[in-house]
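Below is one structure, written out as structure tokens; the observations come after it.
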Amino acid sequence: ENTIVIFLPDNGPQQDRYNAGLRGRKSTVYDGGTRVPCFVRWPGHLTPGNAVDRVAAHIDLAPTLLDACGVPKPERVAFDGVSLWPLLTDRTRADHWPDRTLFIQYHRAAVTEKFRAFSARRQRYKLVHSDPRPGAPEPPFELFDMETDPYEQVDLAAAHPEVVDRLRSEYSRWFDDVSRT
């Protein structure tokens, strides 16, 4: 009862294998390469079977664990993530949870390139710019409605240019921020 157990793998499969029908695999910014299960167990504190459907990422673990243990955030420490503790302890909180954008950046080069191999994900929409294959033309920006199309099959970028622009701008600000360090 004094131990929080978290199961969270790093990313999608490297080879073609079962990934629940999600598009892509490791080394892609589609959900098949980035989405993973996360299980949190703490008997006596968390209700078994509580499922959180809000977007979340590994950057949320430190704030969540601090919150769960009642430890204040260290002074002069900035977290990109948020505490998911309210969602883990009260299912009704999801209805009032503020939307946010999470970013995935993939690269294997010495220098990361802005607007290359990234995704910007909100609760509903996800903007993807995949990594071009050598010799292939630059891929387009793709927009998916993750609520109606969790397998990322129908590109809505042309139908929702305002969402594409907003997510591109958010990504650009995020990239500039994390590139400073």
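Brief remarks on what is shown
- As a length-normalised measure over Cα pairs under 8 Å and 6 or more apart, the relative contact order of the chain settles at 16 percent.
- Convex hull (Cα only) mean projected area of segment 91-174, reported in nm² to one decimal: 7.1 nm²
- Residue order for Phe141, Phe118 - accessible surface, 1.4 angstrom probe, largest first: Phe141, Phe118
- Bridgeable aspartates and glutamates around Lys73 (alpha carbons under 17 Å apart, same-chain partners fewer than 8 residues away excluded): Asp60.
- Sparse-neighbourhood loop sites, GluC sites (Glu not before Pro) in segment 78-181 - DSSP loop, at most 11 other Cβ within 10 angstrom: Glu147
- In the complete set of protein chains, residue-level accessible area for Asp165 is approximately 90 Å², probe 1.4 angstrom.
- Computed from Cα atoms, the angle from the helix 161-179 axis to the main principal axis of the chain rounds to 70 degrees.
- Coil-residue chymotrypsin sites (Phe, Trp or Tyr not before Pro) of segment 11-72, DSSP, other Cβ within 10 Å capped at 14: Tyr18
- Carbon and sulfur %, accessible surface of segment 1-111 computed with the full protein complex present, 1.4 Å: 53 percent
- Solvent-accessible area per residue in segment 119-169 equals 54 Å², computed with a 1.4 angstrom probe and all protein chains kept.
- Proximal lysines to Lys114, defined as alpha-carbon separation beneath 23 angstrom and excluding residues fewer than eight positions away on the same chain: Lys26, Lys126
The values are calculated or read from the model by the stated rules, or taken from the named source; none is laboratory data. Since the structure is predicted, the reported quantities are computational estimates derived from the model, not experimental observations. Note: ideal-geometry Cβ built from the backbone for every residue, glycine included; neighbour counts use all protein chains shown. These area figures cover heavy atoms from the full protein model, side chains too; ligands, DNA and RNA do not enter into them. Shrake-Rupley method; radii C 1.70, N 1.55, O 1.52, S 1.80 Å.
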